[in-house]
Every structure is written in structure tokens, then in C-alpha cells.
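Q: The structure that follows is given in the form of C-alpha cells.
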Amino acid sequence: MDRRAIFIVAVLVVQALLPLRHYLGDDPYDERFAWRMFSPTRVVRCTVAYTVDDEPYPLEQRFHSGWITLLKRGRGDVHDAVDARICLTAGGQTVVKSAACKTVEDDIDVLAARQVLCR
């Protein structure tokens, strides 16, 4: 086999195996690179609310709409990043997060029920 054929086979193997990351990963809501076009995970909808010292935090004014969309889809890495950013800008204030996701089967997965993120 020549080098070109080996390269082509290697690329095809990587492309075939890359979607398996979804099944082996730790975030069930992250479907990037997955072979799940009509997945029920895609229709998961989350409600997310933050309060800073008992005042509602304006997510839509402070974060790009893309971040809000990914929050509402339940992406764990985005939740972690938003949590960290809010805590960083809160300056010693108490930040509380409430988040719950509704699946296609109408099950409710509580991500954070009144979780205190930082003080």
C-alpha cells in the first residue's frame, strides 16, 4: 500500500470513529460530531435562572444569544463557563442558580435546584 492509500484509510477511520465520542463522553447533552440527526437529546429544553444577592441576573443582557441557546439545550460545558463568568463578575456577592431540563419524554432532569455557586 502506498502512502496516499494509508492516509486515506486513516482519515476514513478517524471520521468513522469520531462520533463515538458522544457515547463515551460524560455530557449526554453534547451531540457535536455524533451520528444522531433525529435525536431526542436535541429537543431537550432547559430553564435556567440566576440570582445575585436575591436579584434576578439578566442573562440575555450579559451573554450572547448563542450562549443562551446552548444553556437552554443543557450543554454542561456551557453551564460551567457561564457559572464561572457570573461568579467572576459578582464580586463576592451570593450567586444562586436554578436549572431544570425537560426531555422529550416529559421527564425533568434537575441540573441545579437552588444551587449556591459562589459567595
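The values are calculated or read from the model by the stated rules, or taken from the named source; none is laboratory data. Note that the structure is a prediction, hence the values are computed from the model and not measured. Positions of Cβ are backbone-derived with ideal geometry, glycine not excepted, and every protein chain shown enters the neighbour counts.
Q: When you check LEU12 against the structure, is it modelled with pLDDT under 85, over 15 Å from the mean Cα position of the chain (by Cα), not assigned by TED's automatic domain parsing to the domain that holds GLN115 and not in a loop (DSSP other than H, G, I, E, B), yes or no?
A: When the stated conditions are applied, LEU12 does not pass them.
Q: For PHE33, state whether it is modelled with pLDDT of 90 or more and surrounded by 11 or more Cβ atoms within 10 Å (Cβ to Cβ).
A: It is false that PHE33 is modelled with pLDDT of 90 or more and surrounded by 11 or more Cβ atoms within 10 Å (Cβ to Cβ).
Q: Assuming ALA5 fulfils every condition listed in (1) at pLDDT 65 or above; (2) within 15 Å of the chain's Cα centre (by Cα) apart from one, which condition is it?
A: Tallying (1) at pLDDT 65 or above; (2) within 15 Å of the chain's Cα centre (by Cα), ALA5 fails exactly one: (2).
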